[in-house]
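Everything on this sheet refers to the single structure shown next.
The values are calculated or read from the model by the stated rules, or taken from the named source; none is laboratory data. Because the structure is a prediction, the values reported are computed rather than measured. So basically every Cβ, Gly included, is an ideal-geometry build from the backbone, and we count neighbours across all protein chains shown.
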Protein chains: 2
Amino acid sequence: MDLSCPVPITNYDKITLAHGGGGSLSNQLIEKMFLKELGNSYLEEGHDGAIFDLPGKLAMSTDSFVVNPIFFPGGDIGKLAVHGTVNDVACCGALPKFLTLALILEEGFPMEELWLIIQSIGQAARDAGVQIITGDTKVVEKGKGDKIFINTSGIGYVPEGRDISPSNCRPGDIILINGNIADHGVAIMSSREGLEFETSIESDTQALNKLVESVFSVTKDIHVLRDPTRGGLSSSLNEIAKASNTGIEIYEKQLPLSEEVKGACEILGLDPLYIANEGKLLVFVPEEHADNVLKAMKQLPEGKNSCIIGRVDNKSPGMVRMKTSIGSSRIVDMISGEQLPRIC
Amino acid sequence: MDLSCPVPITNYDKITLAHGGGGSLSNQLIEKMFLKELGNSYLEEGHDGAIFDLPGKLAMSTDSFVVNPIFFPGGDIGKLAVHGTVNDVACCGALPKFLTLALILEEGFPMEELWLIIQSIGQAARDAGVQIITGDTKVVEKGKGDKIFINTSGIGYVPEGRDISPSNCRPGDIILINGNIADHGVAIMSSREGLEFETSIESDTQALNKLVESVFSVTKDIHVLRDPTRGGLSSSLNEIAKASNTGIEIYEKQLPLSEEVKGACEILGLDPLYIANEGKLLVFVPEEHADNVLKAMKQLPEGKNSCIIGRVDNKSPGMVRMKTSIGSSRIVDMISGEQLPRIC
């Protein structure tokens, strides 16, 4: 057994909140530690889920949810746990079918709140057309957890002819998104203890599998699908640019953002590009299909605000650039950790 | 949305540690709350994993691990997390293939300990012949978790002709087990802070998928497979008796138990029937195959101490009885919660 720690412990000998933020420190952990020890072609794909032949082509994904507070404007931890995994499976180009559900409960957690959450899970699963097929419950002592943590793992099957992967991104691809960014993160912040501020912003948490199918109804020639959650739009775009060694340019003017979120970000000094979403879909599609895909997405409620936000080229490979409103260009870096812990 | 809580809140309006103990209170939670809201034919099967056609016959399972301490004699939380899910999938009659891995880390958790655990996971996965194919990491603030919680979900495929389910248990079935019971629970207790006592007992945590295959190498006519973990042997036997509406009789004289565990149980006033195992396999097999299955199990290191511990009949359906050493018979009830929290 190799006792030396692969992550330089001069910088970090303890886990920090940023290691769970989905940014570069999370990536460091994955690349230097998890891949080093557990690496295989599936994990190395760097996708949110895994696709495998067994004997059909299936996709499987897992996510633990530790969001705080557990009830927030527009949703709760249960809904989030269903949507998050459904969306990860759907972003593999798969039709999500089954979820597993594992709960870690803190001693003393009110039964009625659990019941609300279980109902929310049931409703979200029915709405998304998936079934919870097995589960597990653990309880830890008071003070050794925080109310409720939920893990969902999901599986679905990938119809013939679909090939979705961050490494499939190609110069010329058009980048679409289905609406306003940063709603989830701002909704959580607005309800976080000690950080309360007046807003009517709700989380955008929603299942994206029907929207994904509407995209495929136009063409199978879709390159990348991604739901930008923790770390915001910037993290997803950076991961895709890096995985495909392409350059990504987004246009500030075309980034959909509500006035309220814009205002909240200005007050709090936050950049909406780095704030978490929970119901947003990024679609990378060859230019010839972009208009039809956009039209198809707009047919569904969850896609009615879809728009083009950028395109892929071969300038500065592996990097994300933003053409600002005043016409200049700036690099959009990956964030080192989530701006706010426990956003999902 | 139904706001009334289905579990009688006169008795329990808060989650207690016993709700995570795998006993009757866990069952109450599953039956009255989870099944009520999430019920489907898979969940209602009451199995540790789910078997589904998609398009082959696959088995999927999930478990979260919150064991304390995270390093204990004979293993650690990482090893346990691999073995636990591998065994649940194998006990569906499946060949486990892939695992997902989701970590909830407490801020401040030492990186070196994480690395030890990740290596342990890697080793256990390689030994069991499974791959970790996707994962997730979350971090919670110091004091909002406890070092590390791990979820693994697993999938495998079920070869033609196998039909394993607790409801398949039939009068006349012989019950086999692969060795000493209660080792895991006693090993954890012996290393638990404030409860330390001198012992050389190690956890029995191990992967059982090869042992399961040795059973099937004799015959496909196996009725039930089960790894009795939380809640001990008694919980598993009670669940199987209930699911199949049969009576189960076990023989105290034939129950394999080390002298050390017996001594520890006497000192602590605990019943080994209720103490957790992590590497034990129960096999329910028609009498005509029992000797050959026993012989096959003994060929493998993890089965070398296999023996017959009981049989199934139709007396007192749904109940478990033990013929004691002095010849009397007593009912073996299901425990209400685990004797010790966070045993796995």
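For the stretch A:112-124, give me the residue count where each residue is facing another protein chain (nearest Cβ under 10 Å), within 23 Å of A:LEU211 (Cβ to Cβ) and among the hydrophobic types (A, V, I, L, M, F, W, C).
Of the residues in the stretch A:112-124, 1 are facing another protein chain (nearest Cβ under 10 Å), within 23 Å of A:LEU211 (Cβ to Cβ) and among the hydrophobic types (A, V, I, L, M, F, W, C).
Of all residues in the stretch A:232-257 being surrounded by 18 or more Cβ atoms within 10 Å (Cβ to Cβ) and among the hydroxyl-bearing types (Ser, Thr, Tyr), which is farthest from A:SER329 (Cα to Cα)?
That would be A:SER244.
Just the residues that are modelled with pLDDT of 95 or more and of a type in the set (Asp, Glu), please, taken from the stretch A:268-323.
Passing the criteria: A:GLU278, A:GLU287, A:GLU288, A:ASP291, A:GLU302, A:ASP313.
Does A:ILE150 qualify as being within 20 Å of the chain's Cα centre (by Cα), more than 25 Å from A:LEU273 (Cβ to Cβ) and among the aliphatic types (A, V, I, L, M)?
yes
Residue-wise test of (1) more than 30 Å from A:VAL283 (Cα to Cα); (2) surrounded by fewer than 21 Cβ atoms within 10 Å (Cβ to Cβ).
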| residue | (1), (2) |
| --- | --- |
| A:LEU116 | yes, yes |
| A:GLY129 | no, yes |
| A:LYS138 | yes, no |
| A:ILE148 | yes, no |
| A:ILE155 | no, no |
| A:ARG162 | no, yes |
| A:ASP173 | no, no |
| A:MET189 | no, no |
| A:GLU202 | no, yes |
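Which of the residues spanning the stretch B:210-231 are in contact with a strand residue (DSSP E or B) (Cβ under 8 Å, 6 or more places away or on another chain), buried (at least 24 other Cβ atoms within 10 Å of the Cβ) and part of a helix (DSSP H, G or I)?
B:VAL212, B:VAL215
Among (1) at the interface with chain B (Cβ under 7 Å from one of its Cβ atoms); (2) surrounded by fewer than 19 Cβ atoms within 10 Å (Cβ to Cβ); (3) in contact (Cβ under 8 Å) with a residue 12 or more places away in the chain, there is one condition A:PHE109 misses while meeting the rest; what is its number?
Tallying (1) at the interface with chain B (Cβ under 7 Å from one of its Cβ atoms); (2) surrounded by fewer than 19 Cβ atoms within 10 Å (Cβ to Cβ); (3) in contact (Cβ under 8 Å) with a residue 12 or more places away in the chain, A:PHE109 fails exactly one: (2).
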